[in-house]
Amino acid sequence: MFGWNGKLLHVNLNKGKGVADKYEAGMAKNFLGGRGFAAKILWDELKPGIDPLSPENKLVFAAGPLTGFALPSSGKLIVAAKSPLTWGYGDGNIGTFAAVHMRKAGYDAVIVEGKAQDPVVLVVRDESAEFLDAKNLWGLNSFETVRKLAELYGRTVGILCIGQGGENLVKYANIVSQEGRAGGRPGMGAVMGAKNLKAVVLIGSNELPVANPKEMKELGAEALREVLTKPNYAFWKRQGTMSTVEWSQENSVLPTHNYSEAVFKEAEAIGGFAMEKIKVSNRGCPQCNMTCGNVVKDSDRKESELDYENVAMLGSNIGLGNLRRVAALNRVADEYGLDTISLGNVLGFAMEASEKGLITEKVPWGMFKTAKALISDIAYRRGYLGNLLADGVYSASEEIGHGSNRWAMQVKGLEVSGYDCHTTPAMALSYGTCSIGAHHKDAWVISWEVKAGRKGYTAEKVDKVIELQRVRGGVFECLTVCRLPWVELGFELEWYPKLLHAATGTEMPWEALNLIGDRVLNLIRAFWVREFGKKWNSGMDVPPARWFEEPLTEGPMKGMKLDRAKYESMLHMYYGKRGWDEHGVPLKSTLNKLGLKDIAHDLGRHVKLSD
Ligand code: SF4
């Protein structure tokens, strides 16, 4: 096999042992890598109904066949597990040297199961897997942990770790690398913490297996040069995703005051141009020549890496219009290892609950000191409110009641990302049907929708959501290459089959890649249905009530809200096009057609499948 290593590493923390395992060529052909491998491994190896924080859960780090080669933005991996936040499939991607090292150590995935008796660091160095006592690291934040491990192993190795958030099982704790690159929104850090696994160090020294070395070298270099020629390149290097703040404000989709509004009076102060004034450098993932992390000096005079999502969620969504302070909250969240999207969401929820008198704690909108203290309380699960918010917005709304579930902004338990959907039905559908809950990564359809026209609930919109889910949520997440060269600079999709051919020697036109995208998305849907069984229903694909019930009161889109009946009919159109039944469950024939006959058979033992 070329491109792929053909090997997985199974690590059992109960036994303190790692065992390498070969996988069949069919796995590579049918599931490609990254998210596809993770979903297949979790389907095959997890017993349905397990507690995500129990030793039975498995944490999968997986990469794709292009990961680690010198080509645009190929330094990412996927981390996946059953999510403690949603109790469904959870994953996230991280740009990290760990991705490159894992592949060079000879593995396409590392699977961690069990629970160590005491805190440990897993050290994978080529063929060997060792365990380092981590008692002296437990309690350190993620930046300190990375620095300590870098002192031991060097600054160029791959390090993935958790902060106090993961240790204290905050349900949206993530995994952090390289002091600020983070991923695994639906609590992948908590899964790691529950296993007493403080960090994973990966050190690989082998050459990647490549089918056509000359072609790979030349094509990769040409592709990297191509990125530099794109018209938007210079502006992208200046602002990265931060210009989206101004775009979202102009188009009334900037989450503001817990998504009650979509324009923010102080948007300019937290936008891309304001960021440029305090920017000190760019940071990014390995193998990337369009590095998009904007490093700024925050209000604590420390460095913080900003992008659109963390500014929208810790800025406008909580009513904070001071960018240095937003940056400080972002840095603190990264240090604790808390997902900034979910964090901004729960803080906004707490501020609204406080304003409405549903909690006794005073949490005023935009109050920096209060927000910062509350983040610390969440990371340590300190006090009633810290502990409540550590379980996520769905759980918090269940606890405080009084109809707060109508403005608890989540789908399937995962907090909504940084785009308001009062005026954008296709984006609402994208959140509703995303494979991990309300995340924007599978189908960021909003920029297309704003241009195409927001009012319709049309078949064209459904098709666009599906098309993006295939490419972004499917192919890019399986290849584990970053989608931003394509999305932001127009780096052509035609490059990827060519690069894949050079790496693997296999012809994979987009038609074949899209089929893999559909296969993986259906497999993940089957995972959710298997977990929820009879409780599964189409309401789980519907975004929060606020967007249907409370029109915007400010900005050019004042008076607008989503139409529930039209959304539901669009959702059923989506089900039809996907080959799913009226509850959003894949038909037996759909799974069979995608080569998932064994999945259909297994799923059929948990729920009744229609033909
Ligand atoms: S564009 Fe940004 S997110 Fe993508 S690989 Fe480069 S630095 Fe990472």
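For the stretch 525-530, the Karplus equation 6.51 cos²θ - 1.76 cosθ + 1.60, evaluated at θ = phi - 60°, returns couplings of 4, 4, 4, 4, 5, 4 Hz by residue, with Gly and Pro reported as x. With Cα atoms as the point set, the chain shows a radius of gyration and Dmax of 22.3, 66 Å. Each label was represented as a point 7 Å from its Cα along the Cα-to-Cβ direction; for D602 and K498 these points are 3.8 nm apart. Quote the FRET efficiency, to the nearest 0.05, computed for L358 versus E56 with a Förster distance R0 of 51 Å and r equal to the Cβ-Cβ distance. Taking R0 as 51 Å, the efficiency between L358 and E56 is 0.90. Could you state, as a whole-number percent, how many of the C-alpha pairs of the stretch 387-476 are farther apart than 24 Å? So the portion of pairs separated by more than 24 Å is 26 percent.
Which whole-number percentage describes the relative contact order of the chain, with Cα contacts under 8 Å and a sequence gap of 6 or more?
15
Shape of the stretch 471-602 from its Cα gyration tensor (a ≥ b ≥ c, root eigenvalues): rounded if a/c is under 1.5, otherwise prolate when a/b > b/c, or oblate? It comes out oblate by the Cα gyration axes. Once backbone amide H atoms are built at 1.01 Å from N, Q178 has I159 as its partners under 5 Å, excluding neighbours fewer than 5 places away on the same chain. The HN-Hα couplings worked out from phi for the stretch 503-518 by the Karplus form 6.51 cos²θ - 1.76 cosθ + 1.60 (θ = phi - 60°) are 6, 10, x, 9, 7, 9, x, 4, 4, 5, 5, 4, 5, 5, x, 5 Hz, whole numbers, x standing for Gly and Pro. Computed over protein heavy atoms with a 1.4 Å probe, the carbon and sulfur contribution to the accessible area of the chain reaches 50%. In the stretch 418-495, Cα pairs under 8 Å separated by at least six residues give a relative contact order of 27 percent. The calculated pair-distance distribution of the stretch 196-289 uses every alpha carbon pair, bins of 10 angstrom beginning at 0, and gives 12, 26, 24, 23, 13, 2 percent. Going by the alpha-carbon gyration tensor, a ≥ b ≥ c the square roots of its eigenvalues, is the stretch 57-189 rounded (a/c under 1.5) or, if a/c is not under 1.5, prolate (a/b greater than b/c) versus oblate? Cα axes put the stretch 57-189 in the rounded bin. Packing, taken as the mean count of other beta carbons within 10 Å per residue, orders the peptides 305-317, 431-443 from highest to lowest as 305-317, 431-443. Rounded to whole numbers, the Karplus 3J(HN,Hα) couplings from phi for the stretch 562-569 are 6, 9, 4, 4, 5, 4, 5, 6 Hz, using 6.51 cos²θ - 1.76 cosθ + 1.60 with θ = phi - 60°, and x at Gly and Pro. Our note on the geometry: Cα centres of the stretch 1-50 and the stretch 418-449, 30 Å apart. Summed over the residues of the chain and divided among them, the accessible surface reaches 35 Å² per residue at a probe radius of 1.4 Å.
The values are calculated or read from the model by the stated rules, or taken from the named source; none is laboratory data. Predicted model only: the values in this text are computed from it and were never measured. A quick note on method: Cβ atoms are made from the backbone with ideal geometry, for glycine too, and the neighbour counts reach across all protein chains shown. Ligands, DNA and RNA are stripped out before the accessible areas are found, and what is left, the full protein with its side chains, is counted by its heavy atoms. Shrake-Rupley method; radii C 1.70, N 1.55, O 1.52, S 1.80 Å.
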